[in-house]
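Read through the structure below, which is laid out as structure tokens, and then see the notes.
The values are calculated or read from the model by the stated rules, or taken from the named source; none is laboratory data. Owing to the predicted nature of the structure, the values given are computational and were not obtained by experimental measurement. Glycine gets a Cβ as well: all are built from the backbone with ideal geometry, and neighbour counts include every protein chain shown.
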Amino acid sequence: MSFAEALESNTYAVHRHAPHRTRSRTTMAVDDVPSVAIPGELLGPTSKYVPGPGTHVYEGNVVSSLLGSVTVTPPAKAPGPAKRLNKITAPVAAELATVSVARHGCKREVLPDVSNVVLARVVRLMPKQAIVVIQQVGDTVLQTEWQGVIRVQDVRATEKDKARIHDSFKPGDIVRAQVISLGDQANYYLSTASNELGVIMATSEAGNDMVPVSWKEYKDPETGLSEPRKVAKPS
């Protein structure tokens, strides 16, 4: 087996076992860029492409974040031919083409990304984490809800060992949080470990809208009863 054949075989194996979707090898070569992509589809290695709008990077590959048309924008100045075959130098971003994905006839969907501040609704509580659905990124209301997780260690910035999920959130709460990790493909990892982050809207067990009375309590103005929460500082 020649070096080129071995390299092609290894590349095929890597993509075959990747968790993201790939098109059939009978219709598309490994390094070809499709004209239309589906979410999770591999578009090419980061050694060859810069991720543009509608894409993200996963394990060294540019991956589509939505369903739409693929556009490859050549670099401002194409890289020249290799001068020395015995020395491999990684190309800089300015020498790479940019690959992007855009929806047909509609606004590109915004996806949560690391460091984004999001609004999410709590849907389920577990002993060590709260399950939420992300509904807004910054000022943009999402077309699709994405699931997130707030782990008990990410609830508070101080005294983390004293944090309790059931004393911090309740199902139905609206939470302001920050994306700290893209997680495990199924969930975004979120944090409320900041004064500005936490519950911004809460309903009491009696079904009434509550108001914050401290950094750790909301109060039902109708019944006068208080309930524990991880309260966000008003913005």
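Results, tabulated for the structure shown:
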{"quantity": "Residue satisfying all of: in region 120-150; within 18 Å of Ile200 (Cα to Cα) and among the charged types (D, E, K, R); farthest from the chain's Cα centre (by Cα) among these", "calculated": "Arg124"}
{"quantity": "Residues that are loosely packed, with under 12 Cβ neighbours inside 10 Å and either at pLDDT 95 or above or not aliphatic (A, V, I, L, M) (or both), drawn from region 173-210", "calculated": "Asp184, Gln185, Asn195, Glu205, Gly207"}
{"quantity": "Subset tally (residues that are of a type in the set (Val, Ile, Thr), out of contact with any helix residue (DSSP H, G or I) (no Cβ under 7 Å at 6 or more places or on another chain), modelled with pLDDT of 50 or more and farther than 19 Å from Gly183 by Cβ) for region 15-61", "calculated": "4"}
{"quantity": "Count of residues meeting criterion [among the basic types (Lys, Arg) and either farther than 22 Å from Val117 by Cα or surrounded by fewer than 17 Cβ atoms within 10 Å (Cβ to Cβ) (or both)] in region 217-235", "calculated": "2"}
{"quantity": "Members of region 123-149 that are hydrophobic (A, V, I, L, M, F, W, C) and in contact with a helix residue (DSSP H, G or I) (Cβ under 8 Å, 6 or more places away or on another chain)", "calculated": "Leu125, Met126, Ala130"}
{"quantity": "Strands (runs of 3 or more DSSP E) contained entirely in region 141-208, each with at least 2 residues that are aromatic (Phe, Trp, Tyr)", "calculated": "188-191"}
{"quantity": "Residue that is farthest from Asp139 (Cα to Cα), among those in region 223-235 that are among the charged types (D, E, K, R) and modelled with pLDDT of 95 or more", "calculated": "Glu227"}
